[in-house]
1. When you scan the stretch 50-71, how many residues do you find that are without any contact (Cβ under 8 Å) to a residue 60 or more places away in the chain and farther than 20 Å from F28 by Cβ?
2. Which of the residues spanning the stretch 106-126 are under 19 Å from F64 (Cβ atoms) and surrounded by 11 or more Cβ atoms within 10 Å (Cβ to Cβ)?
3. Looking only at the stretch 72-125, count how many residues are part of a helix (DSSP H, G or I), of a type in the set (D, E, K, R) and farther than 26 Å from R24 by Cβ.
4. Output the residues belonging to the stretch 78-101 that are under 18 Å from Q34 (Cα atoms) and hydrophobic (A, V, I, L, M, F, W, C).
5. If the requirement is being touching a His at 6+ places or on another chain (Cβ under 9 Å) and part of a helix (DSSP H, G or I), which of these qualifies: F68, F37, F27?
6. Within the stretch 75-126, restricting attention to residues that are under 17 Å from the mean Cα position of the chain (by Cα) and hydroxyl-bearing (S, T, Y), which residue is nearest to K54 (Cα to Cα)?
7. Among the residues of the stretch 37-56, count how many are of a type in the set (D, E, K, R) and either modelled with pLDDT under 95 or open to solvent by less than 100 Å² (accessible area, probe 1.4 Å) (or both).
8. Quickly run through the stretch 1-22 and pick out the residues that are under 26 Å from M72 (Cβ atoms), without any contact (Cβ under 8 Å) to a residue 24 or more places away in the chain and not aromatic (F, W, Y).
Amino acid sequence: MKDKQKSEWLRLINSFSYALQGLREAFFSERNLQIHFFFSVIVIFCGFLFHITKVEWLIVLLLFGGMFSIEMLNTAIEKVVDLVTGEYHPLAKKAKDISAGAVLIYAIIAIIVGLIIFLPYLYKLI
């Protein structure tokens with residue numbers, strides 16, 4: 001029984017290790033993820049500068065998590081499509097375009113929500 005428990009813990013630890021490797025790989029190889037990170041740092045700075053509320057922080061953090069997650073899913077889809085076919089194929093293009101479109105929709109919504117949160121604070125400065 002103890003060997004089985006050790007094996008389960010080892011698999012769990014390995015799964016976290018693989019996830020961290022994926023995060024590192026995505027961050028250092030994907031320009032769009034680096035751009036999202038750059039803007040996230042700016043938003044965090046603005047959040048501290050304007051003393052946004054706890055609820056606003058929660059919303060901002062959810063937007064960050066969603067944006068990074070969907071960007072990484074988009075990257076994974078692109079990598080799998082590239083693995084499956086090295087040649088142009090209309091379905092490969094559709095898969096890539098649709099996943100990129102999902103990122104675009106989320107980014108637009110994140111910007112709109114960010115403006116809703118931060119514009120009142122900017123107006124107070126003026």
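1. Residues meeting the conditions: 12.
2. Of everything in the stretch 106-126, those that are under 19 Å from F64 (Cβ atoms) and surrounded by 11 or more Cβ atoms within 10 Å (Cβ to Cβ) turn out to be Y106, A107, I109, A110, I111, V113, G114, L115, I116, I117, F118, Y121.
3. Counting residues in the stretch 72-125 that are part of a helix (DSSP H, G or I), of a type in the set (D, E, K, R) and farther than 26 Å from R24 by Cβ gives 4.
4. Of everything in the stretch 78-101, just one residue is under 18 Å from Q34 (Cα atoms) and hydrophobic (A, V, I, L, M, F, W, C), namely A100.
5. Residue meeting the stated conditions: F68.
6. Y106
7. 1
8. Within the stretch 1-22, L10, R11, L12, I13, N14, S15, S17, A19, L20, Q21 meet the criteria.
The values are calculated or read from the model by the stated rules, or taken from the named source; none is laboratory data. This is a predicted model, so every value here is computed, not measured. FYI the Cβ positions are ideal-geometry reconstructions off the backbone, even for glycines, and counts take in every protein chain you see. Calculation scope for accessible area: heavy atoms of the full protein, side chains included, ligands and nucleic acids excluded. Shrake-Rupley method; radii C 1.70, N 1.55, O 1.52, S 1.80 Å.
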